[in-house]
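First up is the structure itself, then whatever we jot down about it.
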Amino acid sequence: MAVDFTTPSAIKVITPPGTLTGDRDIAKGHFWIWTGGTRVPLYAPVDLVVEDVSSGSASAKDSTTHSTIIFKVKDTCGYKFRFAHITEPDRSLKVGDVVPAGSLIGHTSGNIPSGNWDIGFYNMLQKGELAKINAFGMHAHGLCLLDYYPPEKRDFYRALLDQNAFRRRQLVLRR
């Protein structure tokens, strides 16, 4: 990866892909980025192409509409990014737009009241580890985004991983 996907100092903790959610026992292929409800910028970590932009209705917990943007990694086959729970997406982004690394794609304060949002990185040409533990759809193709950063940034982000969630994930993968 070339660029940070948000302001690193705003991140309080990161929940890794493969964490089972709620009582559904479904493994998600994305990271949960916990910023405590702080409004943060979202950046394209590499050169991307907009594949889909969608907005859901406002939740019962708050009146904020959350958007999801799915990007293809430019000049690759099968690699995608998914940013979700974007509260202020760049409304000028349209399907097919090229978004250079480092470009602002929006801002978010995340879900209310948890203050988290999602970023996922996927190889759609092959299923990964998560397919073995009840991940489906795009989630079955999830990759560890952190593995693609240079060592210094990777170590910084790994230090923010929720160690309890990471241990639970390791136990589930060993089943």
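Going by the conditions given, is D75 at positive phi and open to solvent by 40 Å² or more (accessible area, probe 1.4 Å)? Taking the combined requirement at face value, the residue satisfies it.
If you go through the range 20-54 and keep only what is under 18 Å from P89 (Cβ atoms), part of a loop (DSSP other than H, G, I, E, B) and of a type in the set (A, V, I, L, M, F, W, C), you end up with just A44. When you look at P17, is it modelled with pLDDT under 95, under 16 Å from the mean Cα position of the chain (by Cα), part of a loop (DSSP other than H, G, I, E, B) and buried (at least 21 other Cβ atoms within 10 Å of the Cβ), yes or no? Spelling it out, P17 is indeed modelled with pLDDT under 95, under 16 Å from the mean Cα position of the chain (by Cα), part of a loop (DSSP other than H, G, I, E, B) and buried (at least 21 other Cβ atoms within 10 Å of the Cβ). You will find that of I69, I105, the residue that is touching a Lys or Arg at 6+ places or on another chain (Cβ under 8 Å) and modelled with pLDDT of 95 or more is I69 and no other.
Being open to solvent by 30 Å² or more (accessible area, probe 1.4 Å), over 25 Å from D162 (Cβ atoms) and not β-branched (V, I, T) is the requirement here; does K28 meet it? It is false that K28 is open to solvent by 30 Å² or more (accessible area, probe 1.4 Å), over 25 Å from D162 (Cβ atoms) and not β-branched (V, I, T). For the range 70-89, state whether one or more residues are without any contact (Cβ under 8 Å) to a residue 40 or more places away in the chain and among the aromatic types (F, W, Y). Checking the range 70-89: at least one residue is without any contact (Cβ under 8 Å) to a residue 40 or more places away in the chain and among the aromatic types (F, W, Y). In the set (1) of a type in the set (A, V, I, L, M, F, W, C); (2) touching a Gly at 6+ places or on another chain (Cβ under 6 Å); (3) surrounded by 18 or more Cβ atoms within 10 Å (Cβ to Cβ), V3 fails one condition alone, (3). Against the list (1) out of contact with any Asp or Glu (no Cβ under 8 Å at 6 or more places or on another chain); (2) surrounded by fewer than 22 Cβ atoms within 10 Å (Cβ to Cβ); (3) farther than 20 Å from Q163 by Cβ, the condition Y43 fails is (1). Applying the criterion of at least 2 residues that are of a type in the set (F, W, Y) and either touching an Asp or Glu at 6+ places or on another chain (Cβ under 8 Å) or over 16 Å from L42 (Cβ atoms) (or both) to the strands (runs of 3 or more DSSP E) found wholly in the range 68-153 leaves 79-86.
The values are calculated or read from the model by the stated rules, or taken from the named source; none is laboratory data. This one's a predicted model, so the numbers in the text were calculated from it and none came from an experiment. Here Cβ is always computed from backbone atoms with ideal geometry, including for glycine, and neighbour counts include all displayed protein chains. These area figures cover heavy atoms from the full protein model, side chains too; ligands, DNA and RNA do not enter into them. Shrake-Rupley method; radii C 1.70, N 1.55, O 1.52, S 1.80 Å.
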